[in-house]
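The values are calculated or read from the model by the stated rules, or taken from the named source; none is laboratory data. Remember, it's a predicted structure, so these values are computed and weren't measured experimentally. Cβ coordinates were reconstructed from backbone atoms using ideal geometry, including for glycine residues, and neighbour counts include every protein chain displayed.
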Amino acid sequence: MLKMIDLSAISHWFLTRPRKSKRIITLLVDFIAVMASLWIALSLRYSALYQPPSEQLWVFLLAPIIAIPIFIKFGLYRAIIRYLGMRAIWTVVQAISLYTVVFAVIILLAGSDFAGVVPRTVYGINLLILLVLIGGSRLVARWWFSQYNDTNSGSASPNFRASPVLIYGAGDAGAQLAVALRMAGQLRPVGYIDDERSLIGQQVSGLTIYPFSRLASLIEKYHVIEVLLAIPSVSRSQRKAIIQKLEPYPIHVRTLPSLNDLAKGTVKVTDVQEVDIADLLSRDQIKPIDDLLISNIRHKAVMVTGAGGSIGSELCRQIIKLQPTALILFELNEFNLYRIEQELKDLTAGDIPTYAILGSVLNEKRVEAVCQRFKIKTVYHAAAYKHVPMVEHNTSEGIQNNVFGTLASAKAAIAAEVETFVLISTDKAVRPTNTMGASKRLAELILQALAQNTALKGNTRFTMVRFGNVLGSSGSVVPLFRQQIANGGPITLTDSRIIRYFMTIPEAAELVIQAGAMGEGGDVFVLDMGEPVSILDMAKRMIHLSGHHEKDAENPDGDIEVIYTGLRPGEKLYEELLIGDKVSDTQHQKIMRAEELIIPWVELESVLAKLTLANTEGDCEAIRLILTETIDGFAPQCAVEDWLK
């Protein structure tokens, strides 16, 4: 008995051929198809199996001789059949149509004797048949090879087995992602999940669209371990709702970048990434007020201190897009300075001058010289030590950099006749329990006092912008949690009750720029941080969305455990944004103006003199006493003996 043809073996054989061999095979198939289509067309025309006389055989050889070069010119043999799209099919239609016209013209120009060999009605019939043979064969091959890949998970590469995934979102992004994943071969899409009822049951790129209610059965049927969110155009609140629906399932959730990032070309559809924690905050971005964005930047020289830090570098990225005459990057850390300088050069292709300046904000003469050399009009002062335990145990350096660095930079700005000086402050400055927060509140008081003193401030306008934690910044818990999950746990958390306000770095930088433009002198602006977030809830959600189970008393067989280490020195359970209750709205709904106690410069100058002496001598007890007497609500939690000089 004859063996049945093993189509799977044929597919494997074809897919493992070199690219050149595949093209030759496809070309030979088309060569035969062109002759066959002409014969079928003539047979249909005469309503009988056409048997061409020997003197007419040249017509059957002429057809592919004309067709194949046209097909080559149209790129029919450059397309990868497995990933054939509608654009490629349209190219096939164009190529066949042109061949039909050229073939007909040549036959007709050859004379009546030759024209009689091929009746005029045959050309149209031939075109339709050839479309079926050439285009149809490619579609069938595409379907078969895709089915082969899906059922064999990479038989063409015996050492590799693709992981089955579901794509959430059957729109353009989802379709592109499915094609890209098949091409890459590392992940195997088995279907789509979509909330649009009219799409349920339909197919996109050979994959069926299912409702969300089928998720559990699909996970079990295909052994799905991952869901990819292909919904770049939805709002953060919608994305949060979808992620919350997926959270209970034992799957790893990843997502495409935002539509904005895709449009900018900074990422591709294939750049799936971990779920952005910002998606869990449901903070939809508010459209900025253009006049506020450009007020202190466009056609002005701008300097950012601490330009290599998380906030400073993001300020630089946004400032450079607002067309300053020049951007000065002032940074103490050489590597961070080099990194942001190179990034900005890539962003602008050198169209806007950027200058990388190494230096300390404590060097007043250096800062003043830079401001004068580049005629700086706006300074964003982001240079600061921000890590709470680190500053707590290095008191003198923290005070020196955060307090006296701000004072030196402010004096330099006044001397260089800088128009606007914006201090990047923190919610930890409100009723601080640690040295870092106290140092930032004292920096605010310095600028407020200078702004109030007409004789000292000159023409410089001082503004402070206060906000909470930013996602992804140095010291943020999010990168730490990701790393701990990747290492198999445990996740370390200081206290189960701890809550924090969160904002994305780009949103914070954008609001800082706008708030700085609203200052009239000595203003403290507070950014609307939204609702506070439980850090424990965030940790649990990150565990679930990574496809793991939390390990606890109720689930001892879980994957990742959360352990508690106790509050760090100076750490609060919760943060505040306002010292008092006097706050007013501004023209931006996410920015508020706070009215708080100001210490006159005459009094503050005496305080700073005492602090300078104590800091020089490394007298931590004296430093704490001065801060306690000066900073409203300062209630340190760390013992003085724990402080390092």
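Among the residues of region 178-198, the ones that are over 17 Å from Ser235 (Cα atoms) and either in contact with a strand residue (DSSP E or B) (Cβ under 6 Å, 6 or more places away or on another chain) or part of a strand (DSSP E or B) (or both) come to 9 in all. Would you say Glu595 is at pLDDT 70 or above, in the same structural domain as Ile499 (by TED's automatic domain parsing) and among the acidic types (Asp, Glu)? When the stated conditions are applied, Glu595 passes them.
Going by the structure shown, is Arg366 surrounded by fewer than 20 Cβ atoms within 10 Å (Cβ to Cβ) and modelled with pLDDT of 90 or more?
Numbers: surrounded by fewer than 20 Cβ atoms within 10 Å (Cβ to Cβ): yes; modelled with pLDDT of 90 or more: yes.
Taking the combined requirement at face value, the residue satisfies it.
Taking region 513-545, which residues are assigned to a strand (DSSP E or B) and either in contact with an Asp or Glu (Cβ under 8 Å, 6 or more places away or on another chain) or without any contact (Cβ under 8 Å) to a residue 40 or more places away in the chain (or both)? Break it down into steps so the answer makes sense when it comes.
Here is the first cut: in region 513-545, the ones assigned to a strand (DSSP E or B) are 523-527, 533-534.
Across region 513-545, the qualifying residues are Val524, Ser534.
Scan region 35-69 residue by residue and report those that are buried (at least 18 other Cβ atoms within 10 Å of the Cβ) and either farther than 20 Å from Thr121 by Cα or not assigned by TED's automatic domain parsing to the domain that holds Leu133 (or both). Within region 35-69, Ile68 is the sole residue that qualifies.
Listed by first and then second residue, the pairs linking a residue in region 612-635 that is crowded, with 19+ Cβ neighbours inside 10 Å to a residue that is of a type in the set (Phe, Trp, Tyr) and in a helix (DSSP H, G or I), with Cβ atoms under 8 Å apart and 6 or more places separating them unless they lie on different chains, are Asn615/Phe404. Close contacts from region 328-356, counting a first residue that is under 16 Å from Ser310 (Cβ atoms) and a second that is surrounded by fewer than 15 Cβ atoms within 10 Å (Cβ to Cβ) and of a type in the set (A, V, I, L, M, F, W, C), with Cβ to Cβ under 7 Å and a gap of 6+ residues or different chains, come to Glu331/Leu358; Leu337/Leu358. For region 288-308, taking the residues that are crowded, with 24+ Cβ neighbours inside 10 Å and modelled with pLDDT of 90 or more, the one that is farthest from Leu358 (Cα to Cα) is identified as Ile297. In the set (1) modelled with pLDDT under 95; (2) touching a strand residue (DSSP E or B) at 6+ places or on another chain (Cβ under 8 Å), the condition left unmet by Asp351 is number (2).
From the list Leu536, Leu567, which residue is surrounded by 15 or more Cβ atoms within 10 Å (Cβ to Cβ), at pLDDT below 75 and assigned by TED's automatic domain parsing to the domain that holds Pro490? Give the derivation first.
Details: Leu536 fails: at pLDDT below 75.
Just a single option satisfies the conditions, and that option is Leu567.
Do you know which of the residues in region 179-213 that are of a type in the set (Lys, Arg) and under 27 Å from the mean Cα position of the chain (by Cα) is nearest to Ile167 (Cα to Cα)? Give the steps one after another, and end with the answer.
From region 179-213, those of a type in the set (Lys, Arg) are 182, 188, 197; that's our starting set.
Now narrow it down to the ones that are under 27 Å from the mean Cα position of the chain (by Cα): 182, 188.
Details: Arg182: 13, Arg188: 10 Å.
Among them, the one singled out is Arg188.
Considering Thr378, Thr426, the condition of being under 20 Å from Glu314 (Cβ atoms) and in contact with a helix residue (DSSP H, G or I) (Cβ under 6 Å, 6 or more places away or on another chain) is satisfied by Thr426 alone.
Give the number of residues within region 92-109 that are surrounded by fewer than 19 Cβ atoms within 10 Å (Cβ to Cβ), modelled with pLDDT under 80 and closer than 24 Å to Ile72 by Cβ.
Our first condition is that a residue be surrounded by fewer than 19 Cβ atoms within 10 Å (Cβ to Cβ); within region 92-109, this holds for 93-94, 97-98, 101-102, 104-106, 108-109.
Those still in the list that are modelled with pLDDT under 80 too: 108-109.
With closer than 24 Å to Ile72 by Cβ added as a condition, the list becomes 109.
Of the residues in region 92-109, 1 are surrounded by fewer than 19 Cβ atoms within 10 Å (Cβ to Cβ), modelled with pLDDT under 80 and closer than 24 Å to Ile72 by Cβ.
Okay, residues lined up against (1) on the phi > 0 side of the Ramachandran plot; (2) touching a residue at least 24 places away in the same chain (Cβ under 8 Å); (3) buried (at least 16 other Cβ atoms within 10 Å of the Cβ):
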position: Ser163; (1), (2), (3): no, yes, no
position: Glu196; (1), (2), (3): no, yes, no
position: Ile209; (1), (2), (3): no, yes, yes
position: Ser213; (1), (2), (3): no, no, no
position: Glu220; (1), (2), (3): no, no, no
position: Val224; (1), (2), (3): no, yes, yes
position: Val234; (1), (2), (3): no, no, yes
position: Lys245; (1), (2), (3): no, yes, no
position: Pro250; (1), (2), (3): no, yes, no
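In region 589-604, what residues are not in a loop (DSSP other than H, G, I, E, B) and not aliphatic (A, V, I, L, M)?
At the first step, the residues of region 589-604 found to be not in a loop (DSSP other than H, G, I, E, B) are 591-594, 601-604.
Arg593, Trp601, Glu603, listed by residue number.
One residue stands out among those in region 331-361 that are outside any strand (DSSP E or B) and of a type in the set (D, E, K, R): the one that is nearest to the chain's Cα centre (by Cα), which is Glu343. Residue pairs whose Cβ atoms lie under 7 Å apart, sitting 6 or more positions apart in sequence or on different chains, and linking a residue in region 444-467 that is free of Cβ contacts under 8 Å to residues at least 12 places away in the same chain and under 18 Å from Met518 (Cβ atoms) to a partner that is acidic (Asp, Glu) and outside any helix (DSSP H, G or I), do not occur here.
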